[in-house]
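K.L.:
Could you have a look at this structure, given as structure tokens, before my questions?
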Amino acid sequence: MGNLIDLLKPKYEPVAIYRSKEVPEGAEAPMKEHCIVGSMLVPAFNGKTIAASKENVGCAGALNGLGFGGEDEEHRKSLLEIYSSGIEGRPGRLFFCCPETAQKNYADKVPVYGDGTDVVVLQPLTEAEKAGAPVETVVFLVNPLEYSALVTLAGFFREIDDSVVRSMFALACEQIYAMPRQEGESDKPRMVLGMTEFYPRRFIDPDRMTLSMPYNLYKSLDDDCPYSFLKDDRWREAAQSKKCEHC
């Protein structure tokens with residue numbers, strides 16, 4: 001394992017996401033659940049390698065979120081209406097006040113990658129690195145303490161702007177692939193807080209969120225962490241202590 005995994009000791013090993021022209025040996029197809037969180041991400045956190053083509057992804061949103069070239073434009077437009085004021089026969093969810101705001105505050109900010117010809121693979125990170133896979137994003141399934149440690153570590157060596165974490169409305173699959181991949185194109189990439197979409201939360205522990213990042217940011221944190229607070233367990237002990245450090 002890498003330095004960061006060894007020192008952080010997360011309950012769940014992080015998952016690598018990458019594209020491939022072929023299904024890796026031993027990979028499984030997604031399970032029957034409609035949402036990729038249940039059918040791909042959770043099995044990967046449980047040690048399996050899951051590979052999907054455009055044809056065996058059940059959720060249209062994943063065509064955007066996992067880099068399969070995007071969904072049909074008319075369907076996308078109708079979703080923006082459903083996320084706001086609604087369409088005939090379907091009441092709006094009121095995530096946004098109107099479709100125009102949904103477009104500006106969500107759809108315009110999340111890029112679409114791929115052309116639908118690649119296989120998308122979710123695999124435990126150590127296995128992906130051992131195989132030399134072209135990892136693009138890394139996904140942690142964090143509790144509040146693990147989240148706090150990663151946020152703190154992100155500012156240890158690097159110069160940062162006002163936030164090391166990007167957080168906004170998006171589909172869960174966009175938060176683990178499209179958005180962190182987009183961050184990887186920045187000079188100061190941020191981590192992306194995910195699982196803020198309501199429906200997929202049923203598939204994970206109620207105290208968990210995803211924290212995803214481009215692979216280049218993960219490698220930077222992995223290099224930095226042996227010099228940081230993570231090198232011993234005082235940070236972990238502080239979170240469990242009843243004594244205030246400032247008293």
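The values are calculated or read from the model by the stated rules, or taken from the named source; none is laboratory data. All figures in this text were calculated on a predicted structure; none of them were measured in a lab. Virtual Cβ from ideal backbone geometry, glycine too; neighbours counted across all protein chains shown.
K.L.:
Determine whether segment 224-243 contains at least one residue that is under 12 Å from the mean Cα position of the chain (by Cα) and either modelled with pLDDT of 95 or more or charged (D, E, K, R) (or both). Break it down into steps so the answer makes sense when it comes.
P.N.:
Narrowing segment 224-243 to residues under 12 Å from the mean Cα position of the chain (by Cα): none.
The answer is no; no qualifying residue exists.
K.L.:
With the requirement that a residue be crowded, with 22+ Cβ neighbours inside 10 Å and farther than 21 Å from E185 by Cα, what does segment 126-148 give you?
P.N.:
Answer for segment 126-148, where residues must be crowded, with 22+ Cβ neighbours inside 10 Å and farther than 21 Å from E185 by Cα: A128, L141, V142.
K.L.:
Anything in segment 76-96 that is closer than 19 Å to V110 by Cβ and out of contact with any Lys or Arg (no Cβ under 8 Å at 6 or more places or on another chain)? List them, or say none. It would help to see each step written out before you state the result.
P.N.:
The initial filter retains those residues of segment 76-96 that are closer than 19 Å to V110 by Cβ, namely 76-84, 93, 95-96.
Listed by number, the residues that qualify are R76, K77, S78, L79, L80, E81, R93, F95, F96.
Every residue, every condition in (1) at pLDDT 95 or above; (2) out of contact with any helix residue (DSSP H, G or I) (no Cβ under 9 Å at 6 or more places or on another chain); (3) more than 22 Å from L4 (Cα to Cα); (4) among the aromatic types (F, W, Y), yes or no:
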| site | (1), (2), (3), (4) |
| --- | --- |
| N143 | yes, yes, no, no |
| A149 | yes, no, no, no |
| D161 | no, yes, yes, no |
| R166 | yes, no, no, no |
| C173 | yes, no, yes, no |
| Y177 | yes, no, no, yes |
| E183 | yes, no, no, no |
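K.L.:
Just name the residue that is farthest from Y177 (Cα to Cα) out of those in segment 69-113 that are basic (K, R) and surrounded by fewer than 17 Cβ atoms within 10 Å (Cβ to Cβ). Working first, answer last.
P.N.:
Taking segment 69-113 first, the residues basic (K, R) are 76-77, 90, 93, 104, 109.
This time we only want the ones that are surrounded by fewer than 17 Cβ atoms within 10 Å (Cβ to Cβ), so: 77, 90, 93, 104, 109.
Working: K77: 21, R90: 29, R93: 24, K104: 20, K109: 14 Å.
Looking at residues that are basic (K, R) and surrounded by fewer than 17 Cβ atoms within 10 Å (Cβ to Cβ), I get R90.
K.L.:
Right, something else. Look at segment 1-28 and say how many of its residues are under 17 Å from the mean Cα position of the chain (by Cα) and more than 14 Å from L125 (Cβ to Cβ).
P.N.:
2
K.L.:
Then there is this: Do you know which residues across segment 158-174 are surrounded by 14 or more Cβ atoms within 10 Å (Cβ to Cβ) and either in contact (Cβ under 8 Å) with a residue 40 or more places away in the chain or out of contact with any strand residue (DSSP E or B) (no Cβ under 7 Å at 6 or more places or on another chain) (or both)? Break it down stepwise before answering.
P.N.:
So in segment 158-174, the residues surrounded by 14 or more Cβ atoms within 10 Å (Cβ to Cβ) come out as 158, 164-174.
Matches in segment 158-174: R158, V165, M168, F169, A170, L171, A172, C173, E174.
K.L.:
Same structure, new question: Take segment 23-68 and flag every residue that is part of a helix (DSSP H, G or I) and of a type in the set (S, T, N, Q). Full working, then the answer.
P.N.:
Of segment 23-68, the ones part of a helix (DSSP H, G or I) are 36-45, 54-56, 62-65.
Within segment 23-68, S39, N56, N64 qualify.
K.L.:
Given the structure, is K130 of a type in the set (K, R), modelled with pLDDT of 95 or more and farther than 21 Å from V192 by Cα? Steps first, please.
P.N.:
Details: of a type in the set (K, R): yes; modelled with pLDDT of 95 or more: yes; farther than 21 Å from V192 by Cα: yes.
So K130 passes the test.
K.L.:
What residue, among those in segment 182-201 that are within 21 Å of G61 (Cα to Cα) and either touching a Pro at 6+ places or on another chain (Cβ under 6 Å) or free of Cβ contacts under 8 Å to residues at least 12 places away in the same chain (or both), is surrounded by the fewest Cβ atoms within 10 Å (Cβ to Cβ)?
P.N.:
By that ranking, first place goes to F198.
K.L.:
Same structure, new question: Quick one: would you say A51 is surrounded by fewer than 18 Cβ atoms within 10 Å (Cβ to Cβ) and in contact (Cβ under 8 Å) with a residue 40 or more places away in the chain? Write out each step before concluding.
P.N.:
Details: surrounded by fewer than 18 Cβ atoms within 10 Å (Cβ to Cβ): no; in contact (Cβ under 8 Å) with a residue 40 or more places away in the chain: yes.
No.
K.L.:
Further question: So, in segment 197-247, exactly how many residues are within 27 Å of Q123 (Cβ to Cβ), part of a helix (DSSP H, G or I) and not acidic (D, E)?
P.N.:
Total meeting the criteria: 15.
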